[in-house]
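Student: Here it is: the structure, laid out below.
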Amino acid sequence: MGKLKAAWVGFREPDADPFVTFKKYAEMGYRGMDGDLSRMPGDRDENFKRFKDLGLTCLCSWSPPMRELVKNDAEIKAVIEWARYYDIKNINIGWSTVISSFGEGYGKNGTYDSVMEDIDVMNKLVKIFADEGFTPQYHNHYQEFTVAYKGVSVMDYFLTQVDPRLKIKLDVGWVYVGGLDPVAYMEKIKDRLGLLHVKDFTEMIQPRYLVNADKATDFCFTAVGTGRLDLEGILAKAAELGLEYAIAEQDRLRNLSTEDSLRCAYLNMKETGYLE
């Protein structure tokens with residue numbers, strides 16, 4: 001059983017030179033970023049060389065929301081071109097209607113019909129990207145587990161009705177907020193498990209009310225390893241299943257700075273013994 005490499009998603013420092021930020025993260029021990037450099041200003045050849053020279057790898061290209069993307073052939077071609085250029089195997093397909101509550105308020109989760117339309121869109125995009133040699137990924141939130149139609153959760157619809165070439169970019173923090181045991185769920189979907197986002201929360205319920213909650217609160221996001229998730233169990237299962245990366249994520253900062261939150265995440269993951 002091999003050890004995992006550390007990667008990150010987000011943790012941007014808007015006013016800083018991105019390569020100063022990348023260098024800091026690489027020096028902490030991070031080896032990859034979930035994303036590409038396609039929207040960075042400057043010469044892309046030089047940008048990519050500098051990134052690789054830091055020992056860093058791009059893990060996945062993100063695409064526009066699925067319903068916009070499926071109607072835009074030029075954007076689809078651009079996403080494919082970025083992925084090829086940055087030597088990326090994965091392309092993210094996201095923003096199904098079940099997560100509408102993040103923009104419209106708690107309980108706004110689309111409808112059965114809209115989820116069926118999402119599935120149709122996902123199947124079209126999975127075929128396009130998989131036929132081009134990429135692994136399509138879907139990043140979950142909590143709503144896929146808490147919303148059900150006709151007695152079936154939205155995630156189970158995705159797992160059974162979408163082309164099985166779609167992998168789940170599993171966010172274990174949102175799995176927890178959805179009321180499931182992340183380690184058990186990793187085992188359940190091990191044949192469909194793609195990339196792994198490691199996010200932590202101080203409690204389960206408040207993050208479900210993200211839009212409606214008091215803006216002065218932290219919505220219970222906390223640095224990886226400082227909340228309620230079984231970090232050691234999650235990383236042990238990831239290593240057992242042969243995943244390559246553990247991708248640290250924290251949507252909103254709590255008490256630490258961006259840099260310190262990411263350093264904390266790395267050290268807490270490293271302390272489990274399952275990180276390189």
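The values are calculated or read from the model by the stated rules, or taken from the named source; none is laboratory data. Here the structure is a predicted model, which is why all the values come from computation and not from measurement. So basically every Cβ, Gly included, is an ideal-geometry build from the backbone, and we count neighbours across all protein chains shown.
Student: Which of (1) polar (S, T, N, Q); (2) out of contact with any strand residue (DSSP E or B) (no Cβ under 9 Å at 6 or more places or on another chain); (3) buried (at least 22 other Cβ atoms within 10 Å of the Cβ) does residue 206 not meet, given it meets every other one?
Tutor: (3)
Student: Can you run down the residue pairs with Cβ atoms below 7 Å, 6 or more apart or on separate chains, where the first is in segment 4-29 and part of a helix (DSSP H, G or I) and the partner is surrounded by 15 or more Cβ atoms within 10 Å (Cβ to Cβ) and hydroxyl-bearing (Ser, Thr, Tyr)?
Tutor: 28/266
Student: Which one of these is in contact with a helix residue (DSSP H, G or I) (Cβ under 8 Å, 6 or more places away or on another chain) and either aliphatic (A, V, I, L, M) or within 21 Å of residue 29 (Cα to Cα) (or both): 232, 244, 249, 271?
Tutor: Exactly one of 232, 244, 249, 271 is in contact with a helix residue (DSSP H, G or I) (Cβ under 8 Å, 6 or more places away or on another chain) and either aliphatic (A, V, I, L, M) or within 21 Å of residue 29 (Cα to Cα) (or both), namely 249.
Student: Quick check on segment 44-88: of everything there that is assigned to a loop (DSSP other than H, G, I, E, B) and in contact with a helix residue (DSSP H, G or I) (Cβ under 8 Å, 6 or more places away or on another chain), which residue is surrounded by the fewest Cβ atoms within 10 Å (Cβ to Cβ)?
Tutor: Restricting to residues being assigned to a loop (DSSP other than H, G, I, E, B) and in contact with a helix residue (DSSP H, G or I) (Cβ under 8 Å, 6 or more places away or on another chain), the top hit is 55.
Student: Then there is this: Inside segment 32-49, can you point out the residues that are in contact (Cβ under 8 Å) with a residue 40 or more places away in the chain and either more than 20 Å from the chain's Cα centre (by Cα) or closer than 17 Å to residue 260 by Cα (or both)?
Tutor: 44, the sole residue that qualifies.
Student: If you don't mind, another one. Working carefully through the options 246, 239, find the one that is touching a residue at least 12 places away in the same chain (Cβ under 8 Å), more than 17 Å from residue 143 (Cβ to Cβ) and assigned to a strand (DSSP E or B).
Tutor: Only one candidate qualifies: 246.
Student: For segment 179-207, give me each residue that is at pLDDT below 95 and over 22 Å from residue 264 (Cα atoms).
Tutor: Once the filter is applied, which keeps residues that are at pLDDT below 95 and over 22 Å from residue 264 (Cα atoms), segment 179-207 yields 205, 206.
Student: Here's another thing I want to ask about it. Does segment 171-196 hold any residues that are buried (at least 20 other Cβ atoms within 10 Å of the Cβ) and charged (D, E, K, R), and which are they?
Tutor: 171
Student: A further question follows. Return only the number of the condition from (1) over 21 Å from residue 138 (Cβ atoms); (2) without any contact (Cβ under 8 Å) to a residue 24 or more places away in the chain; (3) out of contact with any Ser or Thr (no Cβ under 9 Å at 6 or more places or on another chain) that residue 185 does not satisfy.
Tutor: It fails just one condition, (1).
Student: Among the β-branched types (Val, Ile, Thr), modelled with pLDDT under 95 and either within 22 Å of residue 265 (Cα to Cα) or under 19 Å from the mean Cα position of the chain (by Cα) (or both): does that describe residue 217?
Tutor: Spelling it out, residue 217 is indeed among the β-branched types (Val, Ile, Thr), modelled with pLDDT under 95 and either within 22 Å of residue 265 (Cα to Cα) or under 19 Å from the mean Cα position of the chain (by Cα) (or both).
Student: To continue, here is another question. For segment 113-130, does any single residue satisfy the condition of being free of Cβ contacts under 8 Å to residues at least 24 places away in the same chain and more than 18 Å from residue 163 (Cβ to Cβ)?
Tutor: Yes, because at least one residue in segment 113-130 is free of Cβ contacts under 8 Å to residues at least 24 places away in the same chain and more than 18 Å from residue 163 (Cβ to Cβ).
Student: Before we move on, is residue 253 assigned to a loop (DSSP other than H, G, I, E, B) and either among the aliphatic types (A, V, I, L, M) or under 30 Å from residue 20 (Cβ atoms) (or both)?
Tutor: Considered against the rule, which asks whether it is assigned to a loop (DSSP other than H, G, I, E, B) and either among the aliphatic types (A, V, I, L, M) or under 30 Å from residue 20 (Cβ atoms) (or both), residue 253 comes out as yes.
Student: Restricting attention to segment 89-120, and to residues there that are in contact with a Phe, Trp or Tyr (Cβ under 7 Å, 6 or more places away or on another chain), among the aliphatic types (A, V, I, L, M) and more than 13 Å from residue 144 (Cβ to Cβ), which single residue is surrounded by the fewest Cβ atoms within 10 Å (Cβ to Cβ)?
Tutor: Looking at residues that are in contact with a Phe, Trp or Tyr (Cβ under 7 Å, 6 or more places away or on another chain), among the aliphatic types (A, V, I, L, M) and more than 13 Å from residue 144 (Cβ to Cβ), I get 91.
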